[in-house]
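J.: Take a look at the following structure, please.
Any read-out appearing in this document is the output of simple, stated calculations on the displayed coordinates, not a laboratory observation. All values derive from a computational prediction rather than experimental measurement. Don't worry about glycine lacking a Cβ; one is built from the backbone with ideal geometry, like all the others, and counts go over all protein chains shown.
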Amino acid sequence: MNRQKSFEQEVASLYLVPTPIGNLSEMTSRALETLNKVDVVACEDTRNTKKLLNAYNIQKPCISHHEHNQQVSIPQILEILEEGKSVAVVSDAGYPLVSDPGSQLVKACIEKEIPVISMSGANAAINALVASGLSAVHYLFYGFLDSKSSKRKKQLQELCEFPYTLIFYEAPHRIEDTLQDVLEVLGNRNICLARELTKLHEEYIRGSVSEVLEICSTLKGEMVLVVEGNSEEKEIDMEQAVKHVEEYVNQGLRTKEAINKVAKEIGCSKNELYNLVHQK
Ligand code: SAM
């Protein structure tokens, strides 16, 4: 177990600092204070982060920390933290770790009991979700689907029954192929394609997959795809469920245990199954 009280004492910490996803005014004052306070900024791309820091007149040493140099950068960052200095982690846009580097570093810090502190800020998935018009009560953030259609379809297949809203990141040159696969695997569901969020050309395209497919070859910029969850009521074959109970009983389970097991497996009511089993 690891308990961390972020505000009880000032010790060298790893700060996860979200940066704007397009609109520079979405840098929070806490994020700026943190960047001003830390000793080092670990960045996905030092050139991009230097531009951001310059825009706010912040001068800090930047070190590179990305997917391909983690073997070297993580020990380097841990050493800085162990010297008692604080480090901020930023990605090119939005939250570090969210379809961006950072998870291995966070894990390594937690293992060494170095405080890891996050703060609120910009994230493309949440902006898209809340304006999509689709349910934001329960949702699944998937990130990027595979770039190959065969693997992508397999991934979509796994999500097919999922009743909650699905959120994907996608590149503009792949969106048409991805929507074709979504249509084939998930069906003609309601979707929202949220483009260029927080930027001048921000656009929300809400409609069915086939409607959006008609225009998507012309669309440019960064995009998030939000897809309605599966709304089909699954029909449960109760006769089959009773047979399963009998099979489990024949294998040695008690009737009550068998009923509980089958009800859990197929998602039906235990009481209904109990009544059917006992009325036979
Ligand atoms: N870490 C980021 C976050 O918290 O949202 C996401 C980084 S991921 C490498 C980049 C993807 O996020 C883009 O391909 C796009 O799908 C989505 N994205 C980022 N900024 C966006 C924006 N302004 N509008 C729409 N989608 C955006």
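J.: So for the chain, Kirkwood radius off the Cα pairs, Stokes-Einstein at 4 °C and 1.567 mPa s: how many µm² s⁻¹?
T.: 59
J.: If you average 1/r across every pair of different Cα atoms in segment 124-227 and take the reciprocal, what Kirkwood value do you get, in Å?
T.: The answer is 13.4 Å.
J.: Further question on the same structure: What is the distance in Å between the Cα centres of segment 1-31 and segment 140-217?
T.: Going from one Cα centre to the other spans 31 Å.
J.: Still on this model: Limiting things to C-alpha atoms, what are the Rg and the maximum Cα-Cα separation (Dmax) for segment 182-280, in angstroms?
T.: 23.0, 67
J.: Roughly what angle does helix 70-82 make with the longest principal axis of the chain, taking Cα atoms, 0 to 90 degrees, to the nearest 10?
T.: 60
J.: Over the chain, what is the relative contact order in whole percent, taking alpha-carbon pairs under 8 Å and six or more residues apart?
T.: Working: 458 pairs, mean separation 47.0, N = 280.
For the chain, the relative contact order is 17 percent.
J.: Okay, next question. Below 8 Å between Cα atoms, with a sequence gap of 6+, how large is the relative contact order for segment 14-118 in percent?
T.: Answer for segment 14-118 is 41 percent.
J.: Using only the alpha-carbon atoms of segment 60-175, report the extent along each of the three principal axes, biggest first, to the nearest angstrom.
T.: 49, 30, 26
J.: I've got another one for you. Per DSSP helix of 4 or more residues, -39500 (n - 2.57); summed, then divided by the residues of the chain. What does that give at 222 nm, rounded to the nearest 500? Don't skip to the answer; put the middle values down first.
T.: Working: 11 runs with 114 residues, N = 280.
Value at 222 nm, helices only: -12000 deg cm²/dmol.
J.: Once you treat every alpha carbon in segment 55-96 as an equal point and sum by Debye, what is log10 I(q)/I(0) at q = 0.17, 0.27, 0.32 Å⁻¹?
T.: For segment 55-96 at q = 0.17, 0.27, 0.32 Å⁻¹, log10 I(q)/I(0) is -0.55, -1.12, -1.22.
J.: At a 10 Å Cβ-Cβ cut-off, how would you order Phe144, Phe168, fewest neighbours first?
T.: Listing Phe144, Phe168 from fewest to most nearby Cβ atoms yields Phe144, Phe168.
J.: With equal scatterers on the alpha carbons only and no solvent term, can you work out the Debye log10 of I(q)/I(0) for segment 238-279 at 0.25, 0.26, 0.35 1/Å?
T.: Summing over Cα pairs of segment 238-279 leads to -0.73, -0.80, -1.41.
J.: Given a cut-off of under 8 Å on Cα pairs at least six residues apart, what relative contact order in percent is computed for segment 49-103? Don't skip to the answer; put the middle values down first.
T.: Numbers: 24 pairs, mean separation 16.8, N = 55.
The value is 31 percent.
J.: Hey, another quick one. With axes computed from alpha carbons, what is the tilt in degrees of helix 46-55 against the longest principal axis of the chain, rounded to the nearest 10 within 0 to 90?
T.: Result, in degrees: 70.
J.: Let me ask something else. Averaging over all projection directions, find the projected area of the Cα convex hull of segment 14-118 and quote it in nm² with one decimal place.
T.: On the way: hull surface 23.5 nm².
Dividing the Cα hull surface by four gives the mean projection, 5.9 nm².
J.: To continue, here is another question. Do any trypsin sites (Lys or Arg not before Pro) in segment 1-98 lie in a DSSP loop with no more than 11 other beta carbon atoms within 10 Å, and if so, which?
T.: Within segment 1-98, the qualifying trypsin sites (Lys or Arg not before Pro) (loop, at most 11 other Cβ atoms within 10 Å) are Arg3, Lys5.
J.: Please list, in chain and number order, the residues 5+ apart from Asn230 or on another chain whose amide H is under 5 Å from its amide H, with Hs placed from the backbone.
T.: Under 5 Å from the amide H of Asn230 lie the amide H atoms of Phe162, Tyr164, each far enough along the sequence or on another chain.
J.: Sticking with this structure for a sec: Under a cut-off of 22 Å between alpha-carbon atoms, report the lysines in cross-link reach of Lys154, not counting same-chain residues fewer than 8 places apart.
T.: Output for Lys154: Lys234.
J.: Give the angle, between 0 and 90 degrees and rounded to the nearest 10, that separates the Cα long axis of helix 238-250 from the longest principal axis of the Cα atoms of the chain.
T.: Long axis of 238-250 versus the principal axis of the chain: about 90 degrees.
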